[in-house]
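Participant: Here it is: the structure, laid out below.
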Amino acid sequence: MNLCSTMDRGMSVSFTEAVRRGIPADGGLFTPVAVPGCPAGFLRSIGGLSFPEISFEIARILLGGEIPDADLRTIVADAITFDAPLCRLDDTTAVLELFHGPTLAFKDFGARFMARMMAYMHRGDTDKYTVLVATSGDTGSAVANAFHGIAGVSVVLLYPSGRVSQIQESQLTSLTGNVTALEIDGTFDDCQRLVKQAFADREISAGRNLTSANSINVARLLPQTFYYFNAFARLGESDRGIVFSVPSGNLGNLTAGLIAWKMGLPVKRFIAATNANDVVCRFLQTGVYTPGRAVTTLSNAMDVGDPGNLPRVRALFGGDTGALQAAVYPASCTDEETREAIAEAFGTYGYVLDPHGAVGYRALGRYRAVHQDSCTGIILETAHPAKFIGAYDPAIRGSITTPGRLRALMEGEKHSVKLPAVFKELKEFLAEA
Ligand SMILES: *Cc1c(COP(=O)(O)O)cnc(C)c1O
């Protein structure tokens, strides 16, 4: 696969080069020069393939021979070790459960694929790599877990002390070995500032290779196409006109869905489902983009005021806003509506949605109220409800089963290093690490 910059369609790099660089020097984002199509026949026979088989085939089509098949098969098999099952709510509605990975959120797909890809790319070289991430939640734990135990790579997480939930903190501080959690006496913005300073500091980057592993890296994006194809494969004969409702923040998940569609996956419409942070919805409604400041909501992993992947979404449509508006329906919802959606899905189907999936559920309802035509609606359920146990009424809370891997984390020991929000201290820590 060749990728260009969203700011310069004339340049072109290979997939592995784009993974290595993270972002192009011009400040744009790496985006496919052309999205490869699925071969005829693949979609007809897809129902007979397992999720791992589908994942490998899609990776192979996307990368176009850049990595030998046998190696790619191993990378995909090592990364995607858990299912993305489709759970039916009724005849025309299903939930695509993306929380069966080690940290119970869909970010495990991208983080694990990227970790395996980087380990493969650096096999045989003796350089040391440091992945530095500022985190307030799901990304940090997914990245730490994904890189845990990978030789030659150390992970340093910075999180704001006392400002993450107990479950999040357990997830961030449970690992040892090549993972270190730095508990910063400050806010999330302080953590991000420290990471930025570290990347800009010549002395730090002279001694080691610093990598960000943030969600802008293409290696995190591509594996998110796999489960859209899996959802299609698991549908029945009577399902017609698929509509995917995608709980959205930084738009990585939606971008991956649009890539799958461009590859030939038959999708009638995507729904960009947002919480009160609705800049994307307003852009889709008006065609005018005005970034905002993030506000805090129940579905906090989607509290994004200036979605990083929007330039990629626009590039996929060649800048044609009308075509984008025809493909993606915008729907935002308030915390009040999120709570109502949780109660409704539980009351009607006995299904407990997490607050992010609940936004997707509500948005699908909105779409159906406007478009009376028949469709099969698939809601992407991006996290396990047990991660947000504090958000539920006692009646619903009682029916949430905390998965064993989360319980084990919460009972485990906390490993963290406390640091003040002072760059000099971080620099000294990195020099000794
Ligand atoms: C990150 C995240 C999202 C938002 O996904 P984007 O790809 O950034 O749009 C939604 N739900 C959960 C649980 C997340 O962790």
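Participant: For the chain, what does the relative contact order come out to in percent, with C-alpha contacts under 8 Å and a separation of six or more?
Facilitator: On the way: 796 pairs, mean separation 80.5, N = 433.
So the answer I get is 19 percent.
Participant: What longest region of the chain stays clear of GluC sites (Glu not before Pro) that DSSP places outside H, G, I, E and B and that have at most 12 other Cβ atoms within 10 Å?
Facilitator: Counting only loop sites that pass the neighbour cut-off, the longest clear stretch is 1-236.
Participant: Same structure, new question: Within 10 Å of each candidate Cβ there may be at most 14 other Cβ atoms; applying that plus a DSSP loop requirement, which trypsin sites (Lys or Arg not before Pro) in the range 327-433 survive?
Facilitator: Passing both the DSSP loop test and the Cβ count: LYS414.
Participant: Right, here's the next one. What residue among THR297, MET117, ALA84 has its Cα farthest toward the positive end of the dipole of the chain, where the charges are +1 on Lys, Arg and -1 on Asp, Glu, each on the Cβ?
Facilitator: Of the candidates, MET117 comes out farthest on the positive side.
Participant: Heavy atoms of the protein only, probe of 1.4 Å, neighbouring chains included. What is the accessible area of MET410 in Å², nearest 10?
Facilitator: Accessible area, nearest 10 Å²: 90 Å².
Participant: Just how large is the dipole of the range 291-433 about the Cα centre, in debye to the nearest 20, putting +1 at every Lys and Arg Cβ and -1 at every Asp and Glu Cβ?
Facilitator: Roughly 220 debye, rounded to the nearest 20.
Participant: Can I ask one more? Under a 1.4 Å probe, what is the accessible area of the range 37-171 per residue, stated in Å²?
Facilitator: Computed with neighbouring chains in place, this is 37 Å² per residue.
Participant: Now for a different question. Of the beta bridges DSSP finds with both residues in the range 113-211, what % are antiparallel, to the nearest 5?
Facilitator: 0
Participant: For the chain, modelled as a GNM with alpha-carbon contacts under 10 angstrom, which of ALA134, ALA18, ALA198 fluctuates the most?
Facilitator: Looking only at ALA134, ALA18, ALA198, the biggest GNM fluctuation is shown by ALA198.
Participant: Okay, next question. Suppose all protein chains stay in the model; what accessible area per residue would a 1.4 Å probe give for the range 260-353, in Å²?
Facilitator: 42
Participant: Across the chain, how many lysine pairs, 8 or more apart or on two chains, come within less than 20 Å at their alpha-carbon atoms?
Facilitator: Here the count comes out as 8.
Participant: Evaluate the charge dipole of the range 245-350 about its Cα centre and quote only its size in Debye, nearest 20, assuming +1 on the Cβ of each Lys and Arg and -1 on the Cβ of each Asp and Glu.
Facilitator: For this selection, approximately 500 debye.
Participant: Just to confirm my numbers, what's the Cα centroid distance between the range 380-417 and the range 65-114 in Å?
Facilitator: Answer, in whole Å: 20.
Participant: Keeping the other protein chains in place, figure out the carbon and sulfur percent of the accessible area of the chain, with a 1.4 Å probe.
Facilitator: For the chain, the apolar C and S fraction of the accessible surface comes to 50 percent.
Participant: Is the shape of the range 158-285 rounded, prolate or oblate, going by the alpha carbon gyration tensor and its root eigenvalues a ≥ b ≥ c, with a/c under 1.5 for rounded and a/b larger than b/c for prolate?
Facilitator: Numbers: a/c = 2.18, a/b = 2.04, b/c = 1.07.
Prolate shape, in that a/c is at least 1.5 and a/b is the bigger ratio.
Participant: Hey, in the GNM for the chain with a 10 angstrom Cα cutoff, which one of THR126, THR334, THR31 fluctuates hardest?
Facilitator: Answer for the Gaussian network model of the chain: THR126.
The values are calculated or read from the model by the stated rules, or taken from the named source; none is laboratory data. Quick caveat, the model's predicted, so the values are computed rather than measured. We place every Cβ from the backbone using ideal geometry, glycine too, and count neighbours over all the protein chains shown. In case anyone asks, the SASA skips ligands and DNA or RNA and just uses the protein heavy atoms, side chains included. Shrake-Rupley method; radii C 1.70, N 1.55, O 1.52, S 1.80 Å.
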